[in-house]
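Colleague: Take this structure first; my questions come after.
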């Protein structure tokens, strides 16, 4: 039987991550939907003797808000190749990176919700997170989300689709506001000067239980 049709509070945080994605992505890659995910930590490049220092340096970077370091800390604890596997720690780091829009973290987090690993199995939750990972450039996430869609009942799919619609409406609203702010900030000649326009605001706000 499928899990109850509920969406964890993380989705409301992911909403914030998706809205903020445009400015983060533009700064890093020049594309409003793709985020650079170059390796930040040396965990996989040092010997066993230097590993504790590498982990500590990565943790400090992750705690400072670096989403790639957060993802790498999640991978470190999830895979357990060089330490004891720690699913709760992996989940916590994946969530932090996912909130900032990291596609790899969103993909792993979506799989964990799909498989019920470290969390209660929740198909709508997994579907939403994986769809966001796909938008952020994780191609494999689209295939998995399509598989999940076939396993959800009509109510679950309707809830997930509604949440995704809200996420993207808010994202597009943010894009419109940023475009207007950019136009307003651009220097104009006297002949081109015009009254400042107010940013368009979408009346729909995401209210997630």
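Colleague: For segment 97-188, what is the relative contact order in percent, using Cα pairs closer than 8 Å and at least 6 residues apart in sequence?
Modeller: Reported as a whole number, the value is 22 percent.
Colleague: How much length, in nm to one decimal, is gained on full extension between residue 44 and residue 82, taken as 0.36 nm per residue of separation minus their Cα-Cα distance?
Modeller: Contour length minus the Cα-Cα distance gives 12.8 nm.
Colleague: How high is the FRET efficiency from residue 162 to residue 120, r the C-beta distance, R0 22 Å, rounded to 0.05?
Modeller: The formula returns an efficiency of 0.60 here.
Colleague: How big is segment 108-173 by Rg and Dmax over its Cα atoms, in Å?
Modeller: 11.4, 35
Colleague: If you don't mind, another one. Highest mean first, what order results for 45-55, 172-182 on Cβ atoms within 10 Å?
Modeller: Ranked by mean Cβ neighbours within 10 Å, highest first: 172-182, 45-55.
Colleague: Separate question: Along Cα→Cβ, 7 Å out, is where each label goes; now give me the distance between the ones at residue 151 and residue 139 in nm to one decimal.
Modeller: Label-label distance for residue 151 and residue 139, simple model: 2.3 nm.
Colleague: A further question on this structure: For a quick protection proxy, order the peptides 60-67, 156-163, 106-113 by their average other-Cβ count within 10 Å, most packed first.
Modeller: For the peptides 60-67, 156-163, 106-113, the packing ranking is 106-113, 156-163, 60-67.
Rule-based calculations on the coordinates, nothing more; no lab input. Note that this is a predicted model, so its numbers are computed, not measured. Using ideal geometry, Cβ is built from the backbone for each residue, glycine included, and neighbour counts are taken over all protein chains shown.
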